[in-house]
1. Any chance you could check the Cα centroid distance between segment 38-58 and segment 113-127 for me, in angstrom?
2. Starting from the Cα-Cα distance between residue 22 and residue 127, subtract it from 0.36 nm times their residue separation and give me the gain in nm to one decimal.
3. From zero up to wherever the largest Cα-Cα distance of segment 13-74 sits, split into 10 Å bins and tell me the percent of pairs in each.
4. Which value, in Å to one decimal place, does the Kirkwood hydrodynamic radius take for the chain when every pair of different Cα atoms is included?
5. What are the extents of the Cα atoms of segment 79-127 along their three principal axes, listed from largest to smallest and rounded to whole Å?
6. So how much slack lies between residue 60 and residue 43, counting 0.36 nm per residue of separation and subtracting their Cα-Cα distance, in nm?
């Protein structure tokens, strides 16, 4: 799977987002080291703290299918009509399942752009 294909899957997932409050439709697609692809979208709630971001939704879906040993090989996130990388909470969750060399793809100036986890979260929390 190419990074462009992963971004396309993230974009398709974003169209399914439930975002009546923020209007930010976000989708995520990830490729696991096992070679499986998972997608997810953000799902908002009137009680904002209960909202789940697309990245965490996708990662939790992957863990539910592959188990606690799931590892991310590559991840892409798209927000329809917007351009931004994963939020801080999502960066920490991605770091739990991805090494520092894993590329995270998103759009910057309308073009695919990637950063490694080490660049996105240089001081991740670890136990």
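1. Comparing the Cα centres of segment 38-58 and segment 113-127, I get a distance of 21 Å.
2. 34.5 nm
3. Per 10 Å bin, starting at 0, the Cα pair percentages come out as 25, 47, 23, 5.
4. Radius from the Kirkwood sum: 14.3 Å.
5. So the extents along the principal axes, rounded to whole Å, are 37, 19, 15.
6. That pair, residue 60 and residue 43, stretches by 4.8 nm at full extension.
Every read-out reported here was derived from the displayed coordinates using simple, explicitly stated rules and does not represent laboratory data. Predicted model only: the values in this text are computed from it and were never measured.
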